[in-house]
Amino acid sequence: MPNRSFFWFFLPAGLAMILFIGLPIISTGIQSFYAQHDQILVEVKKCDPFGCKVSVVVDQEATSKIKDEKPLGKFNGFGTYIDRNHLAVDQVSEFWGESKSIGDFINKVGNLPFYKALVFTLTYCVFVTPCVLLLGFIIALSLNAISRKIRGPLIFGTILPMIVTPLVGSLVLFWMIDAEGIIGANLQMLMNDPYLSLKSSKTLMWITIIIYGVWHHSPFAFVVFYAALQTVPQEPLEASIIDGASRFQRVKHIVLPHIYPVVTFVALISLMDNFRVFEPIIGFSAEGSAQSLSWLIYDNLVNEEVILFGSAAATSIMTIIGISIILAPVLIRTWREFKINR
Amino acid sequence: MDYGLDKKSNSLKTSNTIFIVIWLLIACFPFIWTFWGSFKVRADFFSRADWWYAITAFNTLIETGAKFTTEAYSGAWFEGEFWKASRNTVIVTISVVSISLFLGTLGAYALSRSTKNYAFWLLIIALIFRAMPHITLVSGYLFPFFQLQILPTTIVVLVAINQPFTLWLLYSFFKTVPKELDESALIDGCSYFQTFRHIIMPVMWPGVITAGLFSLMLAYNDFTVTALLLNQENHTMVPKIQSYLGTNQHEGNLMWAVSSVVSATAPLFILVMFFQRQIISGLTAGAIKG
């Protein structure tokens, strides 16, 4: 296609992406170097018949004037990045100095908001991704062995957890697992502990969110694996049966190598999705015990008094860096394919 | 796998069936349970005394005189103004789907027919954009978006967020449409726009339906963008559900949330029932070939 017509065809989509994805990313980058203005305080002397009092109040007029002059806020450089709510450089070095053991140091650092969120996000990724791959693959294998006639409804049932929005999915589970729900109440009976509650234990909360993640993402892995299984050639399988290969050996030596590229694809996609885990935290009302990077950004943006754009932007930029590290292998692979196909 | 040589033992068949049944229970039971519970009163569905009340409807009988009640639904839809939220969802969803399909088909067609290097780079950029967490993009929108709090800004943002995925999906679809089709039209003297209008448009509907379904699901399901860019007055369904929960679980009207979860999920399930094939083909489009 000549450049001219390509340009006109692509213009609307390209413009939308530049204006509303490209610019916001740049704007996030710029914002991360600014912080909101300090409020200007003035001393007001109030006198009444009993004497005079001096009180400090916010000078609204002067504060809003500065805001109008510099809507971005005051320039803060890398200040936001290294403050206590983000990389907390000062605190970390202080802990390094005063901690007696490595465990103590890790413990202290893990309580800083950013590192806390990072630890949860990474734990979630590390546990959910392999479980999703495994469960998705097993479901695909076993559904593939079921008679074709009833597969349609079974597939429908299998993909339900994936199509509902994460908030709704986590709410539906939460209502069952909560102390007053069906599973929670039965667990209390089983464990013989009437005070057993999800909200009271950090570990239980983490486990629940991870189980939710597996429940929500496995159908995606299933769908892709199931489609890939349909393309496995029959002849090698039949040959291996004649040679006496067991079912497990057939899966290991013929099916898996055939669908290997798909496995890496699913792994990377679900890794990227898991890295931005956010809605289950709202759904399970787990803000107290589990915070993710995306949740930190959300928390800054729904701040009632002043929206903390600077702080949210700094966390965003670091999240973007994390995503790009995960994304790098995909990009390299796509580049190789493009070169081969050309 | 139905191979003539593959003799399955009965025990394997049974264990396989049991596994599938258990998995389906795990996958579907939460929805069935919530659907069932939405017709009860709160004291039954969130029973402090005995979870069995949710089945026997002990308190529902006392409070309403029947085993099933639609109180939660009428409360949420009228008192809780869920009808407003669902109207907003319909507006947002229809606008997002139509705008992103319009932009996406044109752009993806151009990408699929170009052999230049820049087409590849545009696709890569779209891939990077697709990987961005939505919330990091939202934090980049500044005051006009956070202050207006109206539907159009939300629609614009959702279209943009949706665009990279639509582009990729339609790109891989257009790749399967033979190039000879448009080449012959070009030789006959059609311009590129005429070719697109008369040759490509009649054959592109399967791909467009799949892409449309995914845009629909994104717009319908979105929480991040709508919760941040819309105010209480014009929330769509998903943030509305969250607002029923209240800050503390015991404050907000929990049964409203239950019934509106069911109301919001039902249309989605019906849609998937009819378009299951398209959704699965869309999910696998990138994976199998790539």
Practice task
May I ask for the angle, rounded to the nearest 10°, between helix B:205-221 and the longest principal axis of chain B, with both axes built from Cα atoms and the value confined to 0 to 90°?
Solution key: 40
Handout entry: Projected label distance in nm at A:Lys46 and A:Trp335, using a 7 Å step from Cα toward the beta-carbon
Key = 6.5
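Rg(Cα) of chain A divided by 2.2 N^0.38 Å? Write out the running numbers ahead of the final one.
Working: Rg = 27.0 Å, N = 342, 2.2 N^0.38 = 20.2 Å.
With N residues counted in chain A, Rg over 2.2 N^0.38 Å equals 1.34.
Rg to Rh for the protein assembly as shown: what is it, with Cα atoms only and Rh by Kirkwood? Write out the running numbers ahead of the final one.
Numbers: Rg = 27.2 Å, Rh = 27.2 Å.
My calculation of the ratio gives 1.00.
What 222 nm value per residue comes from the helices of chain B, counting each DSSP H run with n ≥ 4 as -39,500 (n - 2.57) and dividing by all residues, nearest 500 deg cm²/dmol? Walk me through the numbers on the way to the answer.
Working: 16 runs with 212 residues, N = 290.
Dividing the helical sum by the residues of chain B leaves -23500 deg cm²/dmol.
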Practice task
Compute the acute angle (0 to 90°) between the alpha-carbon long axis of helix A:309-341 and the principal axis of greatest extent of the alpha-carbon atoms of chain A; round to the nearest 10°.
Solution key: 30
Problem - Ratio Rg/Rh [Cα only; Rh per Kirkwood] for segment B:10-73 - result: 1.22
Practice task
Work out the mean other chain Cβ neighbour count within 10 Å for the residues of B:108-120 and drop it here as an integer.
Solution key: 4
Fill in the blank from the handout: Relative contact order in percent for segment B:153-260 (Cα pairs under 8 Å, 6+ apart) equals 25
Problem - Within-14-Å neighbourhood charge of A:Leu204 [Cβ basis; K, R +1; D, E -1] - result: 0
Handout entry: Order of B:Phe223, A:Phe78, B:Phe196 - criterion: other Cβ atoms within 10 Å of each residue's Cβ, fewest first
Key = A:Phe78, B:Phe196, B:Phe223
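How high is the relative contact order of segment B:57-159, in percent, counting Cα pairs under 8 Å that sit 6 or more residues apart? Walk me through the numbers on the way to the answer.
Details: 25 pairs, mean separation 33.5, N = 103.
For segment B:57-159, the relative contact order is 33 percent.
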Fill in the blank from the handout: Once both label points are put 7 Å beyond Cα along the C-beta direction, the A:Leu256-A:Glu61 separation in nm becomes 7.6
Handout entry: Approximate spin-label separation B:Phe29-A:Asn192, in nm, with each point projected 7 Å along Cα-to-Cβ
Key = 2.4
Problem - Options B:Tyr73, B:Ser98, B:Ala54, ranked by Cα towards positive dipole end of segment B:1-117, top entry (Cβ charges) - result: B:Ser98
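Net charge near A:Phe120: determine it from the other residues with C-beta under 12 Å of the C-beta of A:Phe120, scoring Lys and Arg +1 and Asp and Glu -1.
On the way: positive: A:Lys116, A:Lys202; negative: A:Glu287.
It works out to a net charge of +1.
Could you compute the net charge surrounding A:His216? Neighbours are other residues with a C-beta less than 10 Å from the C-beta of A:His216; K and R count +1, D and E count -1. Intermediate results must be reported in sequence, preceding the final value.
Working: positive: none; negative: A:Asp273, A:Glu279.
Net charge around A:His216: -2.
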Fill in the blank from the handout: With bins of 10 Å, the percent of all Cα-Cα pairs of segment A:264-310 per bin from 0 is 25, 41, 27, 7, 1
Completion exercise
The residues B:Trp36, A:Trp335, A:Trp295, sorted from fewest to most surrounding Cβ atoms within 10 Å, come out as A:Trp335, B:Trp36, A:Trp295
Problem - Other protein chain Cβ atoms within 10 Å, averaged over every residue that makes up A:177-186 - result: 5
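In which sequence would A:Ile138, A:Ile317 go, from the one with the fewest C-beta neighbours within 10 Å to the one with the most? Please list the in-between numbers first.
Working: A:Ile138 16, A:Ile317 21.
Listing A:Ile138, A:Ile317 from fewest to most nearby Cβ atoms yields A:Ile138, A:Ile317.
To the nearest whole number, what is the average tally of beta carbon atoms from other chains within 10 Å of the beta carbons of peptide A:272-284?
On the way: counts 4, 2, 0, 2, 7, 1, 5, 6, 0, 0, 5, 4, 0.
Across the residues of A:272-284, the mean count of other-chain Cβ atoms within 10 Å is 3.
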Fill in the blank from the handout: Taking alpha-carbon centroids only, segment B:41-120 lies from segment A:80-155 a number of Å equal to 29
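Each value in this text was obtained by applying a stated rule to the coordinates, not by laboratory testing. Just so it is clear, the model here is predicted, and its values are computed rather than measured. Heads up, the Cβs are rebuilt from the backbone with ideal geometry, glycines too, and the neighbour counts pull from every protein chain shown.
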